[in-house]
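Take a look at the structure below.
What follows is calculated from the coordinates using simple rules that are stated; it is not laboratory data. This is a predicted model, so every value here is computed, not measured. All Cβ positions, glycine included, derive from the backbone under ideal geometry; neighbour counts span all protein chains shown.
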Amino acid sequence: MKFSLVIYAAPYSTESAATALRFAKSLVLQGHELYRLFFFGDGVHNASKLTVVAQDEINLQQQWSELIEEHDIDSVICVSSALRRGVLDQTEAKRHEFGIASAHESSEVAGLGQLVDAILHSDRVVNFG
Amino acid sequence: MTDKLTTARPAKSSITFISRSAPYGRNRANLCLDMALACAVFEQNVNYVFLDDGVYQLLKGQDGAAIQSKTLGNALETLALYGIESVYADQQSLKERSIDMADLLPGMQLIDNGAISKLIDSSDTVFNL
């Protein structure tokens, strides 16, 4: 089955972001197709690259990025949510004249049109947050 | 990624948004509105249900200026302009909060539990936040 996930939950604040990650991993393990991840609202922090996590704790952002890269998953960070929260990819960082991108390269900043597209192309859209 | 937009299914999808958070204090009401508007802009059939504390979003006379916030009610008044005409306020939620229809923005229809169930059942995708 074809799934898309919408993640509103910030990492570490509630369990939802970690649950979403485990759900995504399970989908892939069970052979489902993950059409798109859409990080929205506080959820955009899951795509943040400039994070330092204690060694004995799970680094959610890194795990998301590894999952996305390993399985070549289409991952979108909502542009309006991301810019105001300081989660910028290379393109946005350059456009707004910041020296460095703060988002993992595995995700791309784009608009809500990508969410609508995911709704239209997925058998299931599951929300976390 | 954006090229996927052009390959969207031709048929319209029926998407129901159940907004159950109060208008200020958290951003959930705004996230819900942004998603609903995006779906409407891409010409999908949008149903918008206000449930639980979500009915507070529909009160007349809101003014977000005092908290340097945009007034959500103003945006909700423009739903019809985006082609969102199926806008419902849950009867039970209004009753529990002693809110009369006269207190609400124009253009709202009342809905009860049974009708919400049917709406969910007939929708391709449901968002609940």
In the protein assembly as shown, what is the count of Lys pairs whose alpha carbons are under 30 Å apart, counting only pairs at least 8 residues apart or on separate chains?
18
Structure-based [θ]222 nm, chain B - -39500 (n - 2.57) summed over DSSP H runs of at least 4, per residue, nearest 500
-7500 deg cm²/dmol
Where does chain A land at 222 nm, in deg cm²/dmol rounded to the nearest 500, when only DSSP H runs of n ≥ 4 count, each adding -39500 (n - 2.57), divided by all residues?
-10500 deg cm²/dmol
Please say if the range B:14-128 is rounded, prolate or oblate, where rounded means a/c under 1.5 for a ≥ b ≥ c the square roots of the C-alpha gyration tensor eigenvalues, and otherwise the choice is prolate for a/b larger than b/c and oblate otherwise?
oblate
The simple spin-label model distance between B:Gln91 and A:Lys94, using points 7 Å out along Cα→Cβ, in nm, is 5.8
The ³J(HN,Hα) series, computed from each phi in the range B:23-38 with the Karplus coefficients 6.51, -1.76 and 1.60 at θ = phi - 60°, rounded to the nearest Hz and given as x for glycine or proline, is x, 10, x, 10, 9, 4, 4, 5, 4, 4, 4, 4, 5, 4, 5, 4
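Charges only on Cβ, +1 for Lys and Arg, -1 for Asp and Glu: so what's the dipole of the protein assembly as shown about the Cα centre, in debye to the nearest 20?
260
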Quick one, what does Rg over Rh come out to for the protein assembly as shown if you take C-alpha atoms and the Kirkwood Rh?
0.98
Taking Cα pairs closer than 8 Å and at least 6 residues apart, the relative contact order of chain A in percent is 35
Rounded if a/c is under 1.5, else prolate if a/b beats b/c, else oblate: with a ≥ b ≥ c from the C-alpha gyration tensor eigenvalues square-rooted, which is the range A:59-116?
oblate
Based on Cβ point charges of +1 for Lys and Arg and -1 for Asp and Glu, what charge dipole magnitude is obtained for the range B:14-128 about its Cα centre, in debye rounded to the nearest 20?
260
Could you size up the charge dipole of chain A around its Cα centre, putting +1 on the beta carbon of Lys and Arg and -1 on that of Asp and Glu, and report it in debye to the nearest 20?
320
Over all directions, what mean area does the Cα convex hull of the range A:2-42 project, stated in square nanometres?
2.5
What distance in nm separates the two pseudo spin-label positions at A:Asp72 and B:Asp112, each 7 Å out from Cα along the beta-carbon direction?
5.4
For B:84-92, B:121-129, B:66-74, ranked highest to lowest by mean beta-carbon neighbours within 10 Å, the order is B:84-92, B:121-129, B:66-74
When N counts the residues of chain A, how does its alpha-carbon radius of gyration compare numerically with 2.2 N^0.38 Å, as a ratio?
0.99
Least to most buried among B:Met108, A:Met1, by other C-beta atoms within 10 Å and fewest first, runs A:Met1, B:Met108
